[in-house]
1. Calculated from DSSP H runs of 4 or more alone, at -39500 (n - 2.57) each and per residue, what is the 222 nm mean residue ellipticity of the chain, nearest 500?
2. Give me the Kirkwood hydrodynamic radius of segment 104-254 in Å, from all C-alpha pairs, to one decimal place?
3. Any chance you could run the full-extension gain for ALA170 through ALA54? It's 0.36 nm times the residue separation minus the Cα-Cα distance, nm to one decimal.
4. Over the chain, what relative contact order in percent results from Cα pairs under 8 Å that are six or more residues apart?
5. Based on the Cβ-Cβ distance from ARG40 to ALA77, what FRET efficiency comes out when R0 is 30 Å, to the nearest 0.05?
6. Roughly how compact is segment 1-90, stated as its Cα Rg over 2.2 N^0.38 Å to two decimals?
7. Ranked highest first by the average count of other Cβ atoms within 10 Å around their residues, in what order do 158-166, 3-11 fall?
8. Hey, what's the Cα Rg ratio for segment 65-130 versus the globular rule of thumb, 2.2 N^0.38 Å?
Amino acid sequence: MELFDLSGRVAVITGGNGGIGLGMALGMARAGATIVVAGRDAAKNRAAVEQIEAAGAKACAVAVDVLKEESCRKLIAQSIESHGRLDILVNNAGINIRKQPEQYTLAEWHTVLDSNLTSAFLCSHAAYPHMKQAGAGKVINIGSMMSLFGAPFATAYAASKGGMVQMTKAMATAWAKDNIQVNAILPGWIDTALTRRAREQISTLHDSVLRRTPAGRWGVPDDFAGIAVFLAAAASDFVTGAAITVDGGYSALG
Ligand SMILES: NC(=O)c1ccc[n+]([C@@H]2O[C@H](COP(=O)([O-])OP(=O)(O)OC[C@H]3O[C@@H](n4cnc5c(N)ncnc54)[C@H](OP(=O)(O)O)[C@@H]3O)[C@@H](O)[C@H]2O)c1
């Protein structure tokens, strides 16, 4: 058995058209997987597919809005119809609305929770029957340092990312009997569109991340290629319900 070989496997990645999602997509593509890039922005979807194909792998894009149940269900159904299988689901799409807790409207709260957490539930729910029937599957959920810590500007985001870890553990225990592994990755501070917006809003963020991260740098999307391959491949077949930090030591520092 090839521990890190993903040849012949099909991976759906929500938010796979940029940032951490694209970093994971390229890693899995280089390991042999066919990638379904699932995002809202058609131009970003196309550019991501081109980049993955340029790396020598097969890829296609599916337009999805993970805020909509029907769209999540169609994404999974369409991916299976096009490729005949679904081996790996990466629940990576996510947003943040940065505000003090008392400033959120209920609609804003729901937008963050639905984008980050409910979407992962819906896509996993839709993928499960196919993975069960196939006798194997890998679900990878993207958490955050906010799965572990709090911050004044992250009430809804932290709730969603804390929930992501607990949902991961619950699904892992339910689906272990079906040979489906469910794990979470908790990124530290990574240079992407999401955190570029955060740096615009919080002027001290850039330097405080450098000071607070033992590795002394921001992470980059490529830092997620290896962990994605590990959690998608046979190498992790007895790893389930784990929440693995990829943070340059951020969460280890007291
Ligand atoms: N960057 C960090 O430091 C950091 C740290 C911890 C966790 N994370 C998590 O990592 C994940 C990826 O974030 P990123 O940093 O790579 O930022 P990003 O580049 O902004 O990626 C977010 C992705 O989510 C997609 N998305 C958002 N809402 C969607 C919706 N309703 N339907 C479909 N797709 C949607 C976006 O696609 P479109 O552009 O097409 O809408 C985009 O591809 C998120 O879950 C984030 O919370 C990031």
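All of the numbers you see were taken from the coordinates with simple rules; none came from a lab. All figures in this text were calculated on a predicted structure; none of them were measured in a lab. So basically every Cβ, Gly included, is an ideal-geometry build from the backbone, and we count neighbours across all protein chains shown.
1. Numbers: 9 runs with 110 residues, N = 254.
About -13500 deg cm²/dmol.
2. Values: mean 1/r = 0.0609 Å⁻¹.
Mean inverse Cα-Cα distance, inverted, gives 16.4 Å.
3. On the way: separation 116, 0.36 × 116 = 41.76 nm, distance 3.78 nm.
Working it through step by step, the gained length comes to 38.0 nm.
4. Numbers: 526 pairs, mean separation 55.5, N = 254.
Once divided by the residue count of the chain, the mean separation gives 22 percent.
5. On the way: r = 18 Å, r/R0 = 0.61.
Computed FRET efficiency for ARG40 and ALA77 comes out at 0.95.
6. On the way: Rg = 12.1 Å, N = 90, 2.2 N^0.38 = 12.2 Å.
Taking the Cα Rg and dividing by 2.2 N^0.38 Å, one obtains 0.99.
7. Values: 158-166: 20.6, 3-11: 17.1.
So the peptides 158-166, 3-11, ranked by packing, come out 158-166, 3-11.
8. Working: Rg = 14.1 Å, N = 66, 2.2 N^0.38 = 10.8 Å.
Relative to the 2.2 N^0.38 Å estimate, segment 65-130 comes out at 1.31.
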